[in-house]
Amino acid sequence: MFDIHRRKSRTIKVGDVEVGGDSKISVQSMTNTKTADVDATVRQILALEDAGCEIVRVAVPDEGSAKAIKEMKKKISIPVIADIHFDHRLALVSAEAGADGLRINPGNIGSMEKVRAVADCARFHGIPIRIGVNAGSLDTDLTDKHGGATPSAMVESALRQIDMLESIGFMNIKVSLKASDVPRTVLAYRMLAPKTDVPFHLGITEAGGLFPGLVKSSLGIGMLLAEGIGDTLRVSL
């Protein structure tokens, strides 16, 4: 037996689930239904609850999906994260509908004015924002500078976006740095770990089908947890 010394991170709350600090590592999952189909989405979430899932993420590609969160929350027990891409207005509608957290990429939300609107809304509702850095969607200037979607490019993207939110006084943040392979993902988290106290959401993005995805996710997430890095996790298959 050996002691694992957890990386020191700030504590945030997703609904009633603490993430970071000395809190236990929470397990997340996601639905693959059309979020606007409340009955189908709720059935999946209830099954995830029974399996021990503590936080669930739902896709919000349109306003109907965002508004569906209000009805969904009446029928489930675990916190819901709204996954937003590009349209900052969907983040606002999701927060108003009762989402317990937002997943955005500030870099693809648009202007600083739009990022500020999302941050102000999240602050008003007392919910956190997860900055989702994905190797497949880094800003061109970073991939040009670093010679591709490298761990260094991922880390610079994360720091840029953390600074974007913290510069307007929004500190209720967690961050993920995901690539589709284990080495890049692990190295990116290792490199970012000493540079910020923001809690880390772990995972390998687009890990593949059931068996290859489980192997890659187990290796990547397991290596980081063994090093004391990580505050919440989700396996993506």
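So here's what we get for this one:
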item: Cα-Cα P(r), region 94-141, percent of pairs per 10 Å interval; result: 26, 51, 21, 3
item: At most 12 other Cβ within 10 Å, DSSP loop - trypsin sites (Lys or Arg not before Pro), region 48-113; result: K74
item: For region 113-229, size of Cβ-based charge dipole, Lys and Arg +1, Asp and Glu -1, in debye; result: 220
item: Residue among S23, L48, A36 farthest towards the positive dipole end of region 1-100, charges placed on Cβ; result: S23
item: Cα coordinate range in region 79-237, projected on the principal axes (Å, largest first); result: 39, 36, 27
item: Contour excess over end-to-end distance, with Cα ends at D50 and E113 and 0.36 nm allotted per residue; result: 18.6 nm
item: Cα-centre dipole for the chain with unit charges at Cβ (Lys and Arg positive, Asp and Glu negative), debye to 20; result: 200
item: Rounded accessible area per residue of region 105-228, 1.4 Å, Å²; result: 41
item: 1.4 Å probe accessible area per residue over region 1-93, in Å²; result: 55
item: I76 versus R190: modelled label distance in nm, points set 7 Å from Cα along the beta carbon direction; result: 3.5
item: Heavy atoms of E63: accessible area, 1.4 Å probe, square angstrom to 10; result: 90
item: Given charges at Cβ of Lys, Arg, Asp, Glu: region 94-237 dipole, positive-most of Y189, I104, I168; result: Y189
item: Range in the chain, longest, excluding exposed chymotrypsin sites (Phe, Trp or Tyr not before Pro) [loop by DSSP; at most 16 other beta-carbon atoms within 10 Å]; result: 87-237
item: Computed magnitude of the charge dipole of region 169-237 (debye, nearest 20; Cβ of K, R +1, Cβ of D, E -1); result: 80
item: Among the listed pairs K24/K114; K34/K216; K73/K174; K178/K216; K67/K178, those beyond 24 Å (Cα-Cα); result: K24/K114; K34/K216; K67/K178
item: R57 long-range amide H proximity, modeled H, under 5 Å; result: S29, M30, T31, I81
item: Percent of Cα pairs exceeding the 17 Å cut-off, where the set is region 1-140; result: 61
item: H5, H146, H88, ranked by accessible area, largest first (probe 1.4 Å); result: H5, H146, H88
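The values are calculated or read from the model by the stated rules, or taken from the named source; none is laboratory data. Fair warning: this is a prediction, and the values are worked out from it, not measured in the lab. Reconstructed Cβ throughout: ideal geometry from the backbone, glycine too, with neighbour counts over all protein chains shown. The protein model used for the area step is the full one, side chains on, heavy atoms only, and it has no ligands, DNA or RNA in it. Shrake-Rupley method; radii C 1.70, N 1.55, O 1.52, S 1.80 Å.
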